[in-house]
Structures are given as structure tokens and as C-alpha cells.
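The block underneath contains the structure these notes are about, expressed in C-alpha cells.
The values are calculated or read from the model by the stated rules, or taken from the named source; none is laboratory data. Quick caveat: nothing in here was measured; it's all calculated off a predicted structure. All Cβ positions, even for glycine, are placed from backbone atoms using ideal geometry, and neighbour counts span all protein chains on display.
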Amino acid sequence: MEVVRSRATFAALVSFAAAAAALFAPELAAADLLAPDSPASSSAESARTLYIVMAIIAIVVVLVVLGAIARALRSRVPESAGGPRRIRGDGSPQLRTGLALGALTLILFSIGVAWTADDKGVPYLLSGNEAAAATNEPITIKADAQQWLWRYAYPVDNPAADGFNLDQAYSYHELVVPVDTPINLEITSTDVLHSWSVPALAPTVQAVPGVTSEVSFTADETGTFEGRSTRFSGPGYATMRTRVSVVEPDQYEKFLASRTEGITAARQAVQERVQSGTAPGVKFEQK
Amino acid sequence: MTPVHTTSHPEVVSERVPRAERGWIALVTAAEHKAVGRMYVATALVFAAAALAELLMMRLQLMIPENTLMRPEIFDRMLSAFGVTGLILFALPLMLGLMSIVVPLQIGARGMALPRLHHLSYWLYVFGGATIYGSFLWRPSEAGILALPPLSTSEFLPGAAVDAWVTGIALVLLGFVCFSISMITTVRNLRAPGMYLQRMPLFSWAASIVSHTLLVVSPVFLAALAMLMIDRHYGGVFFDSGEGGKPMLYEHLAAIFVSGAVASLLVAALAAISEILSTFSRRPGVGHRSTAGSLAALAVLAVLAWMQNMYAGPLAPGFRYFAMLMALATIIPVGLILFNWVGTLSGGAKREGMPLRFALGAIVMIVIGLAGKLVTAVVPVGALLAGNAFTTASSFALIAGAGVFGGFAALHYWYPKLSGRAMGDAFGVTSYWLLLVGALAYVLTTMMAGLEGMPVDVAKFYGDSGLDVLNLIASIGAILFVAGFVVALLNACASYNHGRRSGPDPWLGSTLEWFAPSPPPVHNFDLVPDVRSVAPLADIRNAIRDRATRWYPPAARTGAAPAGEPEPAAGTAAGEPDPAGAVAAGSEQPPQSEDDQPVA
């Protein structure tokens, strides 16, 4: 009776899984669902490779454990056939298993450390050591999180021009960076906790008010990469997405120039309207 | 069958045997551990219903992209209530309630030490939950699962909403502290003669570990909540970065508490599963001592690994490596426990039952959850996936595996001690499959959605991000999960008065709680037996068997019924627990026991 019932439920499960797989297989295959976005920087690529290693280990562990439990369940003796067998041996197998698991722990730990550290022992992903490998000058960009936007401030091209930081090029929502150039992103927040996550390019970094966190990456292909904030920050949190456009260096220069020009023009226009008294809501006292 | 026969009246009547009070009087005044435990379990299941409603609403909102079913503020209220309800208003109190009922019985005590403190812990828990849900009458908290500052400071969320949340959690945490003190004192002082610590049943051992863990981590979060209230109302700057405060401090303290709470839940569930597997294999669990040690090690390591979900935060690399080492080291105790389970099951007796079924479901979910945690425990991967739905899915698998599957396994197992009746099998099977299929669909698709870039806690997702199908399946899974949970709740309610009557020992257990009648009388035991091993009830059975075999004339022994003959497979083969209540009537039969009988 029990056997029939469990076989029936097993068959039901299998057919359910098969139907689900048949329904969604094309989408699943197309979307590459078992790993993060395809990487566009070496640091993201190494993290993604380690993810794949760990995912395979985890899947193997799950299968081995559940398989062992299932096998043990099957080896049980019906009570009509004499009930449980005597347990043989206790204590020593546990010690050996514990030692083996301890070795596994240390191996995984070493993998984790080695994967993040370069030959000088400095964590690879957490410092800007990619800069040494790249040929171009590193660029430092400030990323400022606020409810619910990202503001990227690009370095001033010619600091002597004004010294007034409003002339600095900035952009909201979209970060534009040149390809094959080390980017140091200085991330902070003006209000609450946020987190900057563009898995194709770099590890996730939390934006904490009062703390400047740095993350470095070097994009090695052009394209547009989606990112999002992954730290709950209030009602607008779901809309707080971002995008990184990796472009050729000359396009980046053009982008900076156009931003600077546009910002300067906008400032002048505002200034004119304020001075002429046509700006809405702003009135100068006329003497 | 089990010929252990206890009367409901004491054989030796000392003065003034207490009598159970009825109804509301008992509810308010009972300091009896079983009454308080029943109240804990019932209240936890009520809060579970609330958590289910919130989960259902959130998953309906996330069923299709850019859904306009509810405003983000409403979603955030559901989210803020769901996190705490699921973990510290449902899952942990369910386990604490079962511990309240079972532990004194298991260790052969007549009640809890410090019964009034134990009772107070229940009311603190109820008032805490009521404070959180009372705020739904006007405006509940929108500050997220952990109410992290600066978002939860009065600058961003003024008003009483967050205050009610903080106060409610603080009351619940105080309740945990009271419970822990009472439970630790009970386990230390009230054990039966001969019940040494190494002979204590694993669930009682786990109760001690859980109490110690909660006693350490609850005040940590209480401190964080106190700082938050000072910031909100008395001009404090603990978390105000503009004044030199550190927002990360709260996150650390909250993470310590959450790690400890999840570890406690896991320890309780693993211990309950160990006992169930041993009972349903009809033999003592393999490696009792290594399992007990592993449970303790797991609690310590899991608390020390509190930073394993904070790799994205501003931490020095050394701290990240420390957290990684601690998180990876939990492989050792968990692996040992799994190894012992395989040893217990293989070659054991083939018995079926709802507790075993739920225990197996719990193993599946816990293993998947821990595998997810294993992946993100390694620093670069953890940093890559931080704040991703992958982490939520593995946490959900872990908490649902331990709290829901493990909780229901323990509830099915010890339900006879709550009510004197067994939970229904038909409802049980339905709820089990709905829960398992739903949870697996939800967890696996949410993991994939996380890898595709689904962030945690979002109130909506966009159609352009390729998450439609995954979120749809996840929502359907969550709906199945909720449906299964509702069936299980109905089962628990209906069985309380209408379940099949179970005798003192429906599963043929080997620990002392099955020595007492179901439900146990106020004083638990007429006579507490001497404890000589980890399986005192099996010892009693063996002693009776030995006595019986010595008394019987040799002709009868060599005849049709030798001692240790396998019992007639009437109830067991059909997967039904043995109605041991029927056995008591037949106790004039020569008693036989099949415990620890080697097969020739």
C-alpha cells in the first residue's frame, strides 16, 4: 500500500517536473539562468568563475547528501522481516568524517582567499591592483547614492579652469566609462543605506553615509550593463536602478565635453532668467 | 507492542497534588509548562497565519512585472512585518513552545524551574507581537526587514510606526531572555536521577543550546534597538554619520541577532529531526555524542559568522576572511549530523509516519538552504551576489526548512503530548506535498531570479529584465506553499479536539516523554524512573522483557512466542502509527519488546 502510494506520488512529481521543464525549457536555456550576467571585466569574471566552481560543489553536495539519505531510507528493513539491524561501531567514523570535513573547509577557505588575493597577498577584488595591468591612466569617479538615484561625478578635466565644482561633469542614473581603463569608483550616500550592484563589472558595494567605499574595475568590452541598488531604502527602492555604458575613450571625452558644455549652458540660462526676473518662483529684490 | 502502562492517578499520593485549572483562568495564571507551551504553539500558529497573508500579498504583487496591485508603501509594510513575523513571532516561538512542553517531560522533571518567569516570557512575546500588529490599526512600519538606520531614524520615518515595531521586537526579545533563563535553570537543576548531560535527549540538549544562544544574542539586538530609540526621540547620534555616528553599528548588531536566531532555529530543528529519525528507525540514533557536540558547535560558529551576509559593506578584508572561515567551518558540524542521520536510517526499521515525512522535507530544504549559504560564504562570490534574491532564497529555504518543515515535523511528533490526540494523516500528506512543491518552486526560481539580477525586498520588478517567467513560477510556488501551510494549520486546529486518540506512546519512542500519559497530568509522572542510558524508556521495555522471559516456563519460551519476535505488522505496514492506547488494554499479555534486538 505504502509502496503504491509513494510510487504514485513519485510519478506525479516527475510528470509535474517534466511538464514544467517542457513549458519553460526554451526560456530557461535562452536566459543562462544558473549564473550571473556574463562578465565584462576581469574581476567580475574571476568572481563569476569562482561562483561556478562553488555552485558545482554545492550541487554535488546536495545530490550526494540527498542521495545518501534516499539510499539509507531504501535500505531500511521492514518490521515484519525482523526490524532494525544492530548498529556497528560508533565514534571512530565520526572522527574520520569530521577530519575530512575539516579538510574540505580549509580547502574551500584557501580557495576563497587565493581567489581574492594577488601575489602580494593583497585582496585582488578589493584593491585597485588591476591598475598595474592596464595601460591607461586610472580614472576616479564619485558615485553618490540618494533616495532613489545614483549621481556620478566625473573628474574635472582641467582643474585650473574654474575650481568651482559645479563645472564638473556629472550624470544621473547612467555611468559612462571608457573601455580598458581602470575605474576607481568612490561610493558614498547622502541619506540612507544603498548598495551599488553591477554584477557584470564589479562586486557589490554598499553605500554608507559618512563612509567612502572604493571599488575598482576595468571594463574590457564596450556595451551597456544593467545595475541596481540592492539595499532596501524606502518606497522608491525598486525604481533605483542604474546603468553603466562602456564606450570608446574618444566617445568618453566627447561625452564629458558635452556634459560640461550642457551644464555650463544650463547654469547660464538659469542665471539669466533669475537676473531678468523671469525664473518661476525666484524673485530678486529690485533696488 | 509497548506494555508501558501508566495510570492517570498517582500511585503514591503526596499532599495536594495540583489540579489543572480550566479555561481563561489557566490561560492567565497557569504556570504549568504544558499549558504555557500550548499557548506558545497556538500563538505562534496565529502569527504564522499573519505571515502567510503577508507572503501571499507580496508574491501576488511580484507575480507580473510592474504590477500596480499595491503601492510600494503598502508592500514595504508587508515586508517589514513579514521578516520579523516569520522568524521571531512564528518559527522560533513554535520551537520554544514545543520545548516548553517536551523538555521537562524528557528530562523527567515535574515542571519548569522558575515557572512564573516562563509564563512571563509568553506574555512578553504576545504583547510584543500585539504591539507590532497593533500598529496596523493606524500605520505600520515601512522601514524594511531589519529597520536599518538611517532609514529608520526620525529624519526619514517620523511617527509612531517604527516606534511600535521597535517596542514590539524589544518585548519579544525580553521574552526570549526570560524563557532562556527559565529553560537553562530547568535543564541544569531538574533532571531526573541519572539523567546526566551526556544522556540527555537531543531535543532537550538543543533547548539548552538554543537558550544559551538566545541569551547571548537577544540583548545584543536589544542594545541596538535602544540606541535607535534614543536616536529617534532623545537626540542621540549613534547612527547619525553627520555627527560622527556609525550606521553600520546597527547592521552588525542586528546581524549578530539574526545569525543567532536562525542558528537557534536550525539547532532545534536538527535535534527534533535526529530524534524523529531515531524513533522511526526503532533504534538509538548513531553518534549521540557527536550529534550533541555538533549542535553546540553549530550554534557558536553560526553566531561568529554573522558578517557572512555583509561582504558588500565597509569591512576590512580580515573581517571578511574571518566571517568566511566561520561560515565554512559550519560544514563540519552539519556534515557530521548528516552523516549520523544516514547511519541511523540505513538498516533501521522501516516505519512511516507524518513526522518522518516532514523530517525528510526539512532535510531537503535545509540542505538546499545551506548549499546556497555555502556558495555565498566565499568572499568574492558573496560580494558579487550581495543583496541579491539568491541570498533571500537560501535564507528562506533555511528558515522554512527548519521552521516550517522542522517545526511541523516536531509538531506532528509531539502533538500527542499537547492534546492526547494525533494529527490527521490525510491532511498531513496534502499539506506536506503542497508545502514541499511550493517551497522548492519558490526557492529554486528565486535563486535563479537573483542570479539574473533580482534585488531583495523590491516592491516591483521591470519587464525588460527577463525576470517575468521566474517570478511567475516563484509566485505560484509561494501560493502553493501558503495553501499547504493553511491545510497544516487546519489540521493542527481540527486535530486538537477531533484527532485520533493516541496512547502515551504512539511512535514507540525511547525517551521519557513517552512514559507519561497523553496528555500528561499536571505533575507529569507518578514515578520518575532511574535513568541509565540515553534511552530510558527502551531500558524499561528491555527490563520488562527480561523479567517476562525469566518468569515464563522454558516450554512457553521455546514455543510460539520467543522474546523479541517481530510484532504483527497490522498497523505499521500501512504507514500508520501504532495505536498504543489499544495496547494498554492488552497488558496482561506477556510483554515483548523489540528494542535493541539484533537480527540473528
Practice prompt. Being without any contact (Cβ under 8 Å) to a residue 12 or more places away in the chain and within 19 Å of A:Pro78 (Cβ to Cβ) is the filter here, so list the residues in region B:331-346 that pass it.
Written response: B:Ser346
Fill in: Odd one out for B:Leu249, checked against (1) more than 14 Å from chain A (Cβ to nearest Cβ); (2) over 18 Å from B:Val103 (Cα atoms)
(1)
Item to complete: Search region A:96-116 for residues that are facing chain B (nearest Cβ under 7 Å) and buried (at least 18 other Cβ atoms within 10 Å of the Cβ) and pair each with any residue that is assigned to a helix (DSSP H, G or I) and among the basic types (Lys, Arg) when their beta-carbon atoms are under 9 Å apart and the residues are at least 6 apart or on different chains.
Response: A:Thr116/B:Arg320
Discussion item. More than 9 Å from chain B (Cβ to nearest Cβ), over 26 Å from the mean Cα position of the chain (by Cα) and modelled with pLDDT under 80: which single residue out of A:Val64, A:Val4 fits that description?
Written reply: A:Val4
Worksheet item: Which residues, counting only those in region B:223-237, are free of Cβ contacts under 8 Å to residues at least 60 places away in the same chain, on the phi < 0 side of the Ramachandran plot and either among the basic types (Lys, Arg) or surrounded by fewer than 19 Cβ atoms within 10 Å (Cβ to Cβ) (or both)?
Response: B:Ala223, B:Ala226, B:Ile230, B:Tyr234, B:Gly236, B:Val237
Response to the item:
The number of residues in region B:399-420 that are over 11 Å from the mean Cα position of the chain (by Cα) and either crowded, with 24+ Cβ neighbours inside 10 Å or not polar (S, T, N, Q) (or both) is 8
Worksheet item: Do we have any residue at all in region B:421-433 that's farther than 14 Å from B:Val404 by Cβ, surrounded by fewer than 22 Cβ atoms within 10 Å (Cβ to Cβ) and among the β-branched types (Val, Ile, Thr)?
Response: yes
Worksheet item: Among the residues of region B:404-424, is any without any contact (Cβ under 8 Å) to a residue 12 or more places away in the chain and more than 20 Å from A:Arg74 (Cα to Cα)?
Response: no
Item to complete: Just name the residue that is nearest to A:Phe225 (Cα to Cα) out of those in region B:458-481 that are surrounded by fewer than 22 Cβ atoms within 10 Å (Cβ to Cβ) and in contact with a Gly (Cβ under 9 Å, 6 or more places away or on another chain).
Response: B:Ser465
Item to complete: Could you check how many residues of region A:35-70 are more than 30 Å from B:Asn340 (Cβ to Cβ) and in a helix (DSSP H, G or I)?
Response: 11
Discussion item. Filter region B:170-180 down to the residues that are farther than 16 Å from B:Gly260 by Cβ and in contact (Cβ under 8 Å) with a residue 60 or more places away in the chain and list them by number.
Written reply: B:Cys178
Worksheet item: Going by the structure shown, is B:Gly168 at pLDDT below 95 and of a type in the set (Gly, Ala, Ser)?
Response: no
Discussion item. Based on this model, can you work out whether B:Val437 counts as among the β-branched types (Val, Ile, Thr), surrounded by 20 or more Cβ atoms within 10 Å (Cβ to Cβ) and farther than 26 Å from B:Phe203 by Cα?
Written reply: no
Fill in: In region B:483-515, residue farthest from B:Ala449 (Cα to Cα) [restricted to those that are of a type in the set (A, V, I, L, M, F, W, C) and crowded, with 22+ Cβ neighbours inside 10 Å]
B:Phe515
Worksheet item: In this structure, is A:Asp157 modelled with pLDDT under 90, assigned to a loop (DSSP other than H, G, I, E, B), closer than 30 Å to A:Thr264 by Cβ and in contact with a Leu (Cβ under 8 Å, 6 or more places away or on another chain)?
Response: yes
Practice prompt. Could you tell me whether region B:127-135 includes any residue that is closer than 23 Å to B:Ser395 by Cα and of a type outside the set (A, V, I, L, M)?
Written response: yes
Response to the item:
Subset of region B:247-279, residues within 16 Å of B:Trp306 (Cβ to Cβ) and of a type in the set (D, E, K, R), comes to B:Glu251
Item to complete: Scan region B:452-469 for residues that are of a type in the set (A, V, I, L, M, F, W, C), within 7 Å of another protein chain (Cβ to nearest Cβ) and touching an Asp or Glu at 6+ places or on another chain (Cβ under 7 Å) and jot them down.
Response: B:Ala459, B:Val469
Response to the item:
Residue count, region B:366-384, condition facing chain A (nearest Cβ under 7 Å) and over 24 Å from the mean Cα position of the chain (by Cα), comes to 7
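So that you can scan it fast, the table gives a plain yes or no per residue for (1) more than 23 Å from the chain's Cα centre (by Cα); (2) more than 10 Å from chain A (Cβ to nearest Cβ); (3) in a helix (DSSP H, G or I); (4) within 30 Å of B:Ser533 (Cα to Cα):
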| site | (1), (2), (3), (4) |
| --- | --- |
| B:Ala292 | no, yes, yes, yes |
| B:Ala296 | no, yes, yes, yes |
| B:Val303 | no, yes, yes, no |
| B:Tyr311 | yes, no, no, no |
| B:Leu315 | yes, no, no, no |
| B:Gly318 | yes, no, yes, no |
| B:Tyr321 | yes, no, yes, no |
| B:Met324 | yes, no, yes, no |
Fill in: The lone exception for A:Gly83 - which of (1) surrounded by 16 or more Cβ atoms within 10 Å (Cβ to Cβ); (2) facing chain B (nearest Cβ under 7 Å); (3) modelled with pLDDT of 85 or more it fails
(3)
Item to complete: Tally the residues that are surrounded by 17 or more Cβ atoms within 10 Å (Cβ to Cβ), touching a residue at least 24 places away in the same chain (Cβ under 8 Å) and not hydroxyl-bearing (Ser, Thr, Tyr), restricting the search to region B:239-251.
Response: 5
Worksheet entry | Residue tally, condition more than 9 Å from chain B (Cβ to nearest Cβ), surrounded by 24 or more Cβ atoms within 10 Å (Cβ to Cβ) and out of contact with any strand residue (DSSP E or B) (no Cβ under 8 Å at 6 or more places or on another chain), over region A:200-251 | 0
Worksheet item: Can you tell which of B:Ala483, B:Ala478, B:Ala492 is free of Cβ contacts under 8 Å to residues at least 60 places away in the same chain, hydrophobic (A, V, I, L, M, F, W, C) and more than 14 Å from chain A (Cβ to nearest Cβ)?
Response: B:Ala483
